[in-house]
Amino acid sequence: MRRRTAVSAVLTGGLLLAVSATSLATLTEAPPAAVQQTVATAPVDPLAAAVAAAQQRLARVPGDHATWAQLGQAYVEQARVTADPSLYDKADGALRESLRLRPDGNDTALAGQGALANARHDFAAAADLAGQAVAIDPYDATAWGVLTDARTQLGDHDGATEALARMLELQPGTASFTRASYDAELRGDLVNARGALEQALELAPDPAAQAWCRTQLGALAFSTGDLDEAGRQVAAGLAAAPDEPELLLAQARVLAARGEVDAAVAGFRAVADARPLPEHLVEFGEYLESLGRDDEASAQYALVETVRRLFAAGGVSDDLSTALFAADHGDPQAAVAAAEAEFTRRQNTDAHDALAWALHSAGRDGEALAHAQAATALGGANASFLYHRGAVEAALGRTDQARDTLTAALDANPHFSPLHAPRARQLLDSLGGPR
């Protein structure tokens, strides 16, 4: 399943590779020897080298507001890479210092604060901050990217497309084309979604960016059930970045869909250990549950709340995944409460889907239907969203509609979830199968 959330993909740092070693290498004419040594001995971690360069620059010139802003942006991106929510507080401190030093006309710091707000799921604040940044500098492509992300998550898809067009005009690179791919995918335009990712890959400046593009190309192929293409993209990505957790996750999904259980379990476990995000722990747990390994699944689920508390301490709200997890695991009251809280913050397709599924789990299918329909209204064929809508339609006695929707879900991606795809097939069979 290719689900984009603010924690896991495009929106995690809000920058999506816009901050890199190359963007911070301009801090000095010649980086200090220690930084050169860091880059030489650890080429796979240019972001850490960039942070080190910024820190050394600030040790010499503590009043450099631009470097404080760049460091803050880098911390946000580093939080995405490491899954370390404590870096959000560091980012906040660096960005605040930049604005203290230059409170007026500081679009770089405002864009960084917007990226941080996106990462913490405060999308309304992110949109406001990015709007302030582009008002100061209409040519700030990073700020337009932050605004694109915020509007997408708020459900303002026309506004997001407008902001994206401006970003593409200003900086047609990896960060803008990957966003263009997601925008097209949301609308069901998979041809242009793939084309945009291929353009992003051509322009990728370093192995990390190449690996990210391969991850997204593999995820796009997987979302259509094309395991061979997904496997090819993942293999190419791992050749560039052998230990990248998102690629290992994509590989585990392909292995699971092919029935290679031992390799899939090892892959999911490696991802959960390297990048213990709540959604990764849940996905691993659900795979184990689908295998009947309930005790091992419970051990993964038990970690989810602990990790969520760590992210909450970093200022991150995660009611969306809380709602879905509670709905899937027998706590409808908590599911509805979390989904409604999320829906007050944003009304995009993810939030509509989560609220629909939560309401369904609570037996409130009459209320769920409108949200399930809204989740699938843009034209994208998200198999999970279609399964949820089909289950709601079936519960309401709309049998023919449910059969069509469930068929569409399984046609879109018969492997969308090792736990839920079989349930979708069972429900469809119980209704008489495809029409």
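Residue-wise test of (1) closer than 27 Å to residue 78 by Cα; (2) surrounded by fewer than 23 Cβ atoms within 10 Å (Cβ to Cβ); (3) of a type in the set (A, V, I, L, M, F, W, C).
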site	(1), (2), (3)
247	yes, no, yes
253	yes, no, no
263	no, yes, yes
269	yes, yes, no
298	no, yes, no
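Scan region 58-86 residue by residue and report those that are over 22 Å from residue 136 (Cβ atoms) and modelled with pLDDT of 95 or more.
Looking only at region 58-86, we keep the residues that are over 22 Å from residue 136 (Cβ atoms), and these are 58-62, 78-86.
Passing the criteria: 58, 59, 60, 61, 62.
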Can you list residue pairs whose Cβ atoms sit under 8 Å apart, with the first residue in region 325-339 being within 17 Å of residue 418 (Cα to Cα) and modelled with pLDDT of 95 or more and the second being surrounded by fewer than 23 Cβ atoms within 10 Å (Cβ to Cβ) and charged (D, E, K, R)? Count only pairs 6 or more apart in sequence or on different chains. 328/286
In the set 135, 160, 165, 125, the lone residue that is of a type in the set (A, V, I, L, M, F, W, C), surrounded by 21 or more Cβ atoms within 10 Å (Cβ to Cβ) and modelled with pLDDT of 95 or more is 160
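Does residue 316 qualify as being over 27 Å from residue 408 (Cβ atoms), β-branched (Val, Ile, Thr) and surrounded by 17 or more Cβ atoms within 10 Å (Cβ to Cβ)? Outline the logic, then answer.
On the way: over 27 Å from residue 408 (Cβ atoms): yes; β-branched (Val, Ile, Thr): yes; surrounded by 17 or more Cβ atoms within 10 Å (Cβ to Cβ): yes.
Taking the combined requirement at face value, the residue satisfies it.
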Give me the helices (runs of 4 or more DSSP H) completely within region 74-169, filtered to those with at least 3 residues that are within 21 Å of residue 184 (Cβ to Cβ), ordered by residue number. 141-154
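Filter the helices (runs of 4 or more DSSP H) completely within region 272-331 down to those with at least 1 residues that are touching a Cys at 6+ places or on another chain (Cβ under 8 Å). Reasoning before the result, please.
On the way: elements: 278-290, 294-313, 319-328.
Here the list is empty.
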Identify, by number, the condition in (1) within 17 Å of the chain's Cα centre (by Cα); (2) within 21 Å of residue 420 (Cβ to Cβ) that residue 275 doesn't meet. (2)
Checking residue 317 against (1) under 24 Å from residue 185 (Cβ atoms); (2) hydroxyl-bearing (Ser, Thr, Tyr); (3) in contact (Cβ under 8 Å) with a residue 60 or more places away in the chain, which single condition isn't satisfied? (1)
Would it be correct to say that residue 116 is among the hydrophobic types (A, V, I, L, M, F, W, C) and surrounded by fewer than 21 Cβ atoms within 10 Å (Cβ to Cβ)? no
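Answer with yes or no whether residue 399 is buried (at least 24 other Cβ atoms within 10 Å of the Cβ), farther than 21 Å from residue 191 by Cα and of a type in the set (S, T, N, Q).
Working: buried (at least 24 other Cβ atoms within 10 Å of the Cβ): no; farther than 21 Å from residue 191 by Cα: yes; of a type in the set (S, T, N, Q): yes.
Judged against the criteria, residue 399 is not a match.
Return yes or no: is residue 55 of a type in the set (S, T, N, Q), within 26 Å of residue 316 (Cβ to Cβ) and out of contact with any Asp or Glu (no Cβ under 9 Å at 6 or more places or on another chain)? Steps first, answer last, please.
Details: of a type in the set (S, T, N, Q): yes; within 26 Å of residue 316 (Cβ to Cβ): yes; out of contact with any Asp or Glu (no Cβ under 9 Å at 6 or more places or on another chain): yes.
Criteria met by residue 55.
The values are calculated or read from the model by the stated rules, or taken from the named source; none is laboratory data. Owing to the predicted nature of the structure, the values given are computational and were not obtained by experimental measurement. Note that each Cβ is placed from the backbone with ideal geometry, even for glycine, and that neighbours are counted across all protein chains shown.
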